[in-house]
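Report on the following structure.
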Amino acid sequence: MTTSNDNAPRGPLSELKVLDFSTLLPGPFATQMLADLGADVIRIESPTRPDPIRRMPPSVHGQSGVHAWLNRNKRSLAMDLKHPDSVDVVHRLVGAYDVVVEQFRPGVMARLGLGYEQLREINPALIYCSITGFGQSGPWRDRAGHDINYMALSGVASYVSEHQPTPLGVQVADIGGGSLHAVVAILAALAHRGRTGEGQYLDVSMTDAAFSLNAMAGAAYLCGCAPPSCGTGRLNGGSFYGYYRTADGRFFSVGSLEPQFFGAFSTAMGHPEWIDLLGQGTMQATEQLKSSIAAAFACQSFDHWCAVFANVDCCVEPVLTIEEAAHHPQLEARAMLVDVPTEAGPAYRQAAHPVQFSTTKPVYRHAGVTLGADSEAVLAQSGYTDGEIAALFAEGAVSGTRTPAATAVAQR
């Protein structure tokens, strides 16, 4: 696939080449971060069992808007990995690539002839990252799971809500655990390889990564304190820190933990007596304070409280919808929305890469493409002749969009 931005600067990872065998969210989010920073990421997908994200609504410009975001700046190679010729293609590709990212259950890639030990024979400098729910070892290595399960088993879900565990709208274990830790691990392995020339295997467990996110409560418990539970911690219901409903059913977040912020908050709410109540430090006083704050917020509308706190610096902010957040002046000033070109022509509006670079800025070359849009180009760039490419398509090892010239070669 070619877009008008393909010749634009590629970013700080412009020399990095990645083969991405992952699906759904954790792996694709990780490789999107790499692609935004210039890496050449080839997404390898089965034509008969494509990534389910491709079917996730809503459909915009003929394809899933979620897929278009998670797979921007990546090329697509459609291959049946169970076909022996496809394995040969990967073996040929991997010699020129730096990183493999995969998300199958333990052992699947090895059975296909694409495991780390098999590919390192071809490229000893290869960095191979496996993202799974429970890791490559342990009694639950083969167990199925989703974000909510990893949050549960890691202890994180036990104290995220005052009353009972609540599913979050953002996949913390998938992204905060799997995706971000995978990116950190890949970049660390690249730094090691730069010093030594050695590749290595990276075993990323989303449960392990979620467990490591217990930075405050977990650290306290491991030092001998009682385990936290719902409603007992300072940040999960054991203090006034929390969300409060307004008269019209919206919510405000209150995080005024420091004395100077709580003083400003109490004054803005018209209740300076809350300062003395907070100072009592008893459970009864805390419950009374929470009830009083809740009653005060419930007396006025969301818009009223937005006006009250617009210029008060006290760690109190409205709970915005995605639509409101996208148009918030802070996010607009940070250029957190970008228009990304598509195959169909009209651009997608997407969230930008979240880090501001002073020099090597991210480039948004194109949104996620149709399955196999780049199959022919990837093979040609890897040294396959027109006849060899035609044979791979004819045998069903590879599929996707073909140029008229290539189709004519196949028909001769």
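Things to note:
- Value at 222 nm in deg cm²/dmol, rounded to 500, when DSSP H runs of n ≥ 4 in the chain each add -39,500 (n - 2.57): -10000 deg cm²/dmol
- In terms of its Cα atoms, region 258-400 spans 83, 31, 31 Å along the principal axes, sorted from long to short.
- Take every Cα pair under 8 Å whose residues are at least 6 apart in sequence, average their separation, divide by the length of region 268-370, and the relative contact order is 15 percent.
- Over region 251-318, the hull volume per residue, using the convex hull of the C-alpha atoms, is 76 Å³.
- Under 26 Å from the Cα of residue 361 - lysines, other chains or at least 8 residues apart: 17, 74
- Largest-first ellipsoid semi-axes for the chain, taking √(5λ) over the Cα gyration tensor eigenvalues, angstrom: 48, 25, 18
- Length-normalised contact order of the chain in % [C-alpha pairs under 8 Å, at least 6 apart]: 20 percent
- Along the axis of the charge dipole computed for the chain (Cβ charges of +1 for Lys and Arg, -1 for Asp and Glu, origin at the Cα centre), the listed residues 330, 222, 89 are led at the positive end by 89.
- The dipole here belongs to the chain: it is taken about the Cα centre, uses +1 on the Cβ of Lys and Arg and -1 on the Cβ of Asp and Glu, and is about 440 debye.
- Each residue of region 102-110 was assigned a 3J(HN,Hα) from its phi angle through the Karplus curve 6.51 cos²θ - 1.76 cosθ + 1.60 (θ = phi - 60°); the sequence is 9, 9, 6, 5, x, x, 5, 4, 5 Hz, with glycine and proline shown as x.
- Per-residue Cβ neighbour counts within 10 Å put 76, 161 in the sequence 161, 76, beginning with the fewest.
- DSSP bridge analysis restricted to the chain gives an antiparallel fraction near 40%, rounded to the nearest 5.
- Applying the criteria of a DSSP loop state and at most 13 other Cβ atoms within 10 Å to the trypsin sites (Lys or Arg not before Pro) of region 14-122 yields 82.
- Loop sites in region 116-185: GluC sites (Glu not before Pro), DSSP, at most 15 other Cβ within 10 Å: 121
- Per DSSP, loop trypsin sites (Lys or Arg not before Pro) in region 298-382 with at most 12 further Cβ within 10 Å: 334
Bear in mind these aren't lab numbers, they're just calculated from the coordinates by the rules spelled out. Here the structure is a predicted model, which is why all the values come from computation and not from measurement. Neighbour counts are summed over all protein chains in view; Cβ atoms, including those assigned to glycine, are modelled from backbone coordinates with ideal geometry.
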